[in-house]
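Here the structure is laid out as structure tokens; the discussion comes afterwards.
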Amino acid sequence: MQNTKKTCAGCFRVLADATRMGIIKHLQEGGAQNVSALTKLLRVSQPTVSHHLHRLADAGYVTRTRLGKQIRYEFRKDYPCRGCGVFSAPIRS
């Protein structure tokens, strides 16, 4: 699932969605959060946030941590692809 070798095209394909970029921005700025918190921040439905978090987790951008019944998501600061420097600048909304 989490490859150590990524392509820039694959990374940008996952990032080519405004909701996913919003999720990453909130996780970078606010730390680990659950789906409910992200749903309120992004003002989109819970299934939409869950779908995008699943895509981001599968691509290796976020990690999942279970705390009781909650799952908290956190941006991976050690994301394996740094070739293009996509996360070296702040994300603008």
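Below are the figures for this structure:
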| item | result |
| --- | --- |
| Region 23-38 residues that are under 16 Å from residue 69 (Cα atoms), paired with ones that are among the basic types (Lys, Arg) (beta carbon under 8 Å, 6 or more apart) | 32/72; 33/72; 34/72 |
| Residue check, residue 59 crowded, with 17+ Cβ neighbours inside 10 Å and under 16 Å from residue 79 (Cβ atoms) | yes |
| Hits in region 12-34 (condition: surrounded by 13 or more Cβ atoms within 10 Å (Cβ to Cβ) and not in a helix (DSSP H, G or I)) | 17, 32, 33, 34 |
| Test: residue 72 is at pLDDT 95 or above and loosely packed, with under 11 Cβ neighbours inside 10 Å | no |
| Test: residue in region 46-63 that is over 14 Å from the mean Cα position of the chain (by Cα), in a helix (DSSP H, G or I) and at pLDDT 95 or above | yes |
| So residue 9, is it in a helix (DSSP H, G or I), small (Gly, Ala, Ser) and either modelled with pLDDT under 95 or within 12 Å of residue 61 (Cβ to Cβ) (or both) | yes |
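The values are calculated or read from the model by the stated rules, or taken from the named source; none is laboratory data. Fair warning: this is a prediction, and the values are worked out from it, not measured in the lab. In this analysis, Cβ positions are derived from the backbone assuming ideal geometry, glycine residues included, and neighbour counts consider all displayed protein chains.
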